[in-house]
Structure formats: structure tokens, C-alpha cells
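Enquirer: Before we start, here is the structure in question, set down as C-alpha cells.
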Amino acid sequence: APKTGVVIEAGPGKELPSGTVVVPYSKVGDKILFSEYAGTKVKVGGVDHLIIDDGDVLAIIEGDNEVE
């Protein structure tokens, strides 16, 4: 089942071989939907986080909508 989370940091984007930078789809503060198996778990300052590639974001959830 997909999971949700909130973006707390986003990188500058991915540089293509042509030198063009692809800007991330999601931004800080976005509530996102992502695959159950996406990302790499890390603990920072005792708090669990998940590093997710922008390509693993399935959707950005608008407003106060809940996903079940």
C-alpha cells in the first residue's frame, strides 16, 4: 500500500548529461504519496527520515485530503 509523508528538504535537482538540471517535482512542505518500498531509511538526531528519489513520488496531496 502507498504511504504518505511531508517533504522537509529537497535537493537542487538532477543534472542530465546535457548539463540541463531537472528541477524536483516536489518542494518543501508538500504532502506526498510514495511507494511502500521507496527510499532509504536514515536516522538524524534520533528522528527517523526517509530519503526518496523524486521519481518515486507518486503524487502530491493537495489540501487536507487523506489517502487510505
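The values are calculated or read from the model by the stated rules, or taken from the named source; none is laboratory data. Everything numeric in this text was worked out from a predicted model, so none of it was measured. Cβ: placed from backbone, ideal geometry, glycine included. Neighbour counts: every protein chain shown. In case anyone asks, the SASA skips ligands and DNA or RNA and just uses the protein heavy atoms, side chains included. Shrake-Rupley method; radii C 1.70, N 1.55, O 1.52, S 1.80 Å.
Enquirer: Exactly one condition in (1) surrounded by fewer than 10 Cβ atoms within 10 Å (Cβ to Cβ); (2) of a type outside the set (G, A, S); (3) part of a loop (DSSP other than H, G, I, E, B) is not met by K41; state its number.
Expert: Result: K41 passes all but (3).
Enquirer: Okay, next question. Just the residues that are surrounded by fewer than 12 Cβ atoms within 10 Å (Cβ to Cβ), among the acidic types (D, E) and at pLDDT 90 or above, please, taken from the range 12-38.
Expert: E15 - this is the single residue of the range 12-38 that is surrounded by fewer than 12 Cβ atoms within 10 Å (Cβ to Cβ), among the acidic types (D, E) and at pLDDT 90 or above.
Enquirer: Pairs under 6 Å by beta carbon, first residue within 19 Å of V67 (Cβ to Cβ) and assigned to a loop (DSSP other than H, G, I, E, B) in the range 1-22, partner of a type in the set (S, T, N, Q) and open to solvent by less than 90 Å² (accessible area, probe 1.4 Å), six or more apart or different chains?
Expert: Every condition considered, the pairs that remain are V7/S26.
Enquirer: Consider only pairs whose beta carbons are under 8 Å apart and that are at least six residues apart or on different chains; among these, list those whose first residue lies in the range 33-48 and is under 23 Å from G63 (Cα atoms) and whose second residue is assigned to a loop (DSSP other than H, G, I, E, B) and of a type in the set (G, A, S).
Expert: If the second residue must be assigned to a loop (DSSP other than H, G, I, E, B) and of a type in the set (G, A, S), the pairs left are E36/A1.
Enquirer: Mind counting the residues in the range 14-32 that are over 20 Å from G63 (Cα atoms) and either of a type in the set (S, T, Y) or in contact with a Leu (Cβ under 9 Å, 6 or more places away or on another chain) (or both)?
Expert: Of the residues in that region, 3 qualify.
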